[in-house]
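Here the structure is laid out as structure tokens; the discussion comes afterwards.
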Amino acid sequence: MTNDLEAIRKGKILMLAGTDLAGTDLAGADLAGADLSQANLSGANLAGANLQRTVLRANLRGADLSGADLRGADFRNADLRGASFANALVRDASFGGAFLTAAALGNLDLSGVDFRGADLRGASLGRAILLAADLSHANLSGADLSGADLEEALLNGAVLRGANLTGANLLCASIEQTVWDGALLDRACLQGTPLSL
């Protein structure tokens, strides 16, 4: 496995669907464009890895993705509970239907990211940039969105029950059928957003 692991790190093996890489150290690996669908990457170290356009519809519970390049990556329906995203590059990635409960995504540029139908309950998105992000039908109950920039974001059908949107920018956000029960909207910018609570 040692030789295979070195080849994986260098991006020489990109067809890794269904592979068991749980707990593997892939820090700094070049996996751009790899297919890791249905792989087990739970607890894997992917810190600083190049995962641009990589298919990661996988088990990534507790994985370290800090500092990784995730631009354009496909995380649809992935299990990302407890994964670390500190300082990761995440623009234009797809997290549709992914499990991101209690994920730490604060202070990240999530512009254009697809979170449609994702489970973001209790997630930390404070001061995140979510320009034109698609959060339609996402569950953001209890999430921290304080100071987040949600300008032109799609929140149609999203559940924001008990979410903290203090100081958030919701300028021109789309909010049809959004559930706001108990959401905190102190100092939130709602200009151009037809809010009916």
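The values are calculated or read from the model by the stated rules, or taken from the named source; none is laboratory data. Only a predicted model underlies this, so the values are computations on that prediction, with no experimental measurement involved. Here the Cβ is made from the backbone with ideal geometry for all residues, glycine too, and neighbour counts use every protein chain on show. These accessible areas exclude ligands, DNA and RNA; they are computed on the full protein's heavy atoms, side chains included. Shrake-Rupley method; radii C 1.70, N 1.55, O 1.52, S 1.80 Å.
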Legend entry - Student exercise, the range 64-197 dipole from Lys, Arg, Asp, Glu Cβ charges, in Debye to nearest 20: 200
Inset, instruction - Can you give me the P(r) profile for the chain? Cα pairs, bins 5 angstrom wide beginning at 0, each as a whole percent. - result: 2, 9, 16, 23, 16, 12, 9, 6, 4, 2, 1, 0
Legend entry - Rounded FRET efficiency, nearest 0.05, which uses the C-beta distance separating Glu176 from Ala17 and R0 of 30 Å: 0.20
Inset, instruction - Output the relative contact order of the range 48-197, whole-number percent, from Cα pairs under 8 angstrom with separation of 6+ residues. - result: 13
Inset, instruction - Give the distance, in whole Å, between the Cα centre of the range 91-132 and the Cα centre of the range 36-77. - result: 14
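Probe radius 1.4 Å, ligands and nucleic acids ignored: give me the carbon and sulfur share of the accessible area of the range 124-173 as a rounded percent. Provide the component values of the computation, followed by the final result.
Numbers: 820 of 1600 Å².
After summing per-atom areas, the C and S share lands at 51 percent.
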Legend entry - Square roots of 5 times each gyration tensor eigenvalue, C-alpha, the range 40-146, largest first, Å: 18, 14, 13
Legend entry - Asp25 paired with Lys10, simple spin-label distance in nm, labels 7 Å along Cα-to-beta-carbon: 1.9
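What Kirkwood radius, in Å to one decimal, follows from the Cα pairs of the range 101-197?
Numbers: mean 1/r = 0.0809 Å⁻¹.
Here the Kirkwood hydrodynamic radius works out to 12.4 Å.
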Legend entry - Estimated dipole of the range 1-41 in Debye, rounded to 20 [Cβ of Lys and Arg +1, of Asp and Glu -1, Cα centre]: 100
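In debye, nearest 20, what is the charge dipole magnitude of the range 1-78 about its Cα centre with +1 on Lys and Arg Cβ and -1 on Asp and Glu Cβ, if you could check?
Numbers: 8 positive and 9 negative charges, 46 e Å.
It comes to approximately 220 debye.
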Inset, instruction - Among DSSP beta bridges lying fully in the range 1-153, give the percent that are antiparallel, nearest 5. - result: 0
